[in-house]
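Working notes, beginning with the structure itself.
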Amino acid sequence: MPATEAPAAAAADLRCAHCGLPVPSGLRVAEGTPAFCCAGCATVYDVLRSRGLEAYYALPERRLAPVRASGRGFEEYDHASYHDLYVRRRADALLETEFYLEGVHCGSCVWLVERVPLLLPGLGRVELDLPRARVQVAWDGACVPLSAIARMLDTLGYRPHAFRGRRVETRRREEDRAALVRIGVAGAIAVNTMLASIALYSGWLAGMEPAYERMFRWICLLLVTPAILWPGSVFFRGAWASVRTRVPHMDLPIALALAAGYARGLWNTVTDSGPVYFDGIAMLVFLLLVGRFLQQRAQRAASDSAEWLFALSPATARLVEAGAVREVPVEALLPGMIVEVRGDETLPADGEVVEGRSSLDLSLLTGESRPMAVGAGTAVFAGTVNRGSSLRLRVERAGEATRLGRLLREAEAGAARRAPIVSLADRWAALFVVVVIALAAATLLLWWRSSPTFAVDQAIALLIVTCPCALALATPLALAVAIGRAARAGILIRNGAALESLSRPAALYLDKTGTVTEGRMGLVRWDGPEEARPWVLALEAHSAHPLARGFEEAWRGLAIPPAGEVVVVPGGGVEGIVEGRRIAVGSPAFVAARVEGAARAEGAGRTGRANGDHAGASAAETPVHVAVEGRLVARAGFGDRVRYKLNHTFYHHCFLLYFPMQKSQRLQYQI
């Protein structure tokens, strides 16, 4: 028995030569021959051994997952339109792009992906950002096509998806990196200058030999000079641009103060007389750079908070290929692809419905909370929500080319335009700069005759203390923060001018539902017997329509009886048997057809009453009728409730305005 059990145990412990997982019994080979759990692992194993990359198998964090290559050709990555969107040419003539990679999870993935250039000629560089699963690829387009690179990554088990690295993001990273380097250098210089200055000041108090005093003076001078020439150069460049364009800027008094302080300290160091200001200059450069960096980051964070609106378009899409459905990032969608959108999911792209019937919530784009029925041939847009059954649509535009993307791009461009109050603050800041410089010059002249040293000190102090940073920076920062907070609250403000206009008394025009309403339909009226409510809930429980959710929210807590023979008609309603009665709930036309059918069967004339679609309903309500055994017994009205209470203070009086929205009406309210 033990002799027969040993081979069985050995066979059971047979592991894949690539990923280390158990090998299925059907794929086991002769002893001494590498075995694999799948064809993908075998392919990768052969590729790595043929190119001398066996060191991968010595890595401690080796990938323990079978290789699942998609087998795609990725020919769309060679298309000219793809290159226009996702590929950029570098200064060294190499092409560069970025991919999202599926399946990366550890250091061994980084090791393997970054050695792909050894597997393909013409591939220059591959860098993988592991936390974001983003790989940057540089290659020679004349030697290897991008599709071949994508196929190689896919063969290794890392399926690539397109990513359009935004130029703004790249530029911001470069700016932040440069700013942090300047801050680091200025901080190191400031600390060391302060240490040398402490020694100098201690010597003045306790007594110090002149030779050591001169030494510390020169040490401070040598330390602060790089701070003026490099980190502090940003202020001098701004000041020079201000002089060249004849537009006074807040960098001008800062540069004058730094230059005057440095020149004064330099003269006192050379002449070995009087105080030096190098510690204050170094610390001033450091603090000004830190303040400017924090201010820029605050403005950027406030403006970037509006980018959460891009999340209204989903991050992934269900791509239909060869009858199979798989999820891909929306960045991988190209015109002509077929995607599937299920109930309560957001459409990932603009396109045309090719299969299925459903209703869409268009409130994001139109403000209308009433769903719109769609079917084959209907044009649909990214950001809208499928409130019914599954749809398949052909992609026409994806990403920033969609209607939602264009809308947000227009909002971004509007936000970049300067608000009138910002322009006014800039004009006042320019005037303030001129006044400050004039006052500093007057101070210098006033005190020069009595004490040149004191005159320079007072002029420098005036330039530093009266810097108009608050006036020039606080106004745009306040607007950016306000727009950012509004975006987080779901309010898209197009630009600062629109926000500024709300601070003045004026007339407010509202011409679209969803502006101050909840953006979803709720039950506002019910004309019918109480006993019909559970019957309605029993049928609406089988429907994904937004109005069905409205019934459930309004009548939460009611006992729901079982329903049988339920039939849901997209765009019409739902009918079935509840407690032995045939119930129909839906649009007036849908219910009228059932009532008319029952009337014809009974020979009774109830058609006129059934066709009273909007009897008792206002133009702002969506009517829903209920029929029991062929008789119209109840009418419900759905509307979009008001959600905002607008406040405006004028002459210390607060007016609370409530806006009862009416569909297709223009309302005017005097604030």
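The values are calculated or read from the model by the stated rules, or taken from the named source; none is laboratory data. Note that the coordinates shown come from a computational prediction; the quantities given were computed from them, not determined experimentally. All Cβ positions, glycine included, derive from the backbone under ideal geometry; neighbour counts span all protein chains shown. Note: areas computed on protein heavy atoms with side chains; ligands, DNA, RNA excluded. Shrake-Rupley method; radii C 1.70, N 1.55, O 1.52, S 1.80 Å.
A simple rule links phi to the HN-Hα coupling: the Karplus curve 6.51 cos²θ - 1.76 cosθ + 1.60 with θ = phi - 60°, which for segment 569-578 gives 10, x, x, x, x, 9, 9, x, 9, 10 Hz, with x for Gly and Pro.
With a 1.4 Å probe rolled over the protein heavy atoms of all chains, the accessible area of ASP154, ASP92 falls in the order ASP92, ASP154, largest first.
Note on GLU352 and SER233: the model spin-label points, each 7 Å out from Cα along the C-beta direction, lie 5.8 nm apart. Annotation: amide H-H contacts under 5 Å for ARG582 (H modelled 1.01 Å from N, sequence separation of 5 or more, or interchain): GLU629. The phi torsions of segment 218-232, fed into the Karplus equation with coefficients 6.51, -1.76 and 1.60 and a -60° offset, translate into couplings of 5, 4, 4, 5, 5, 6, 7, 4, x, 5, 6, 6, 10, x, x Hz, rounded to whole numbers, with Gly and Pro shown as x.
Relative contact order for segment 142-248: 24 percent, from Cα pairs under 8 Å spaced at least 6 residues apart, divided by residue count.
Between TRP267 and ALA401, the simple label model (points 7 Å from Cα in the Cβ direction) yields a spacing of 6.5 nm.
Amide H contacts for GLU345 (H built 1.01 Å from N in the peptide plane; partners 5 or more residues away or on another chain; cut-off under 5 Å): ASN386.
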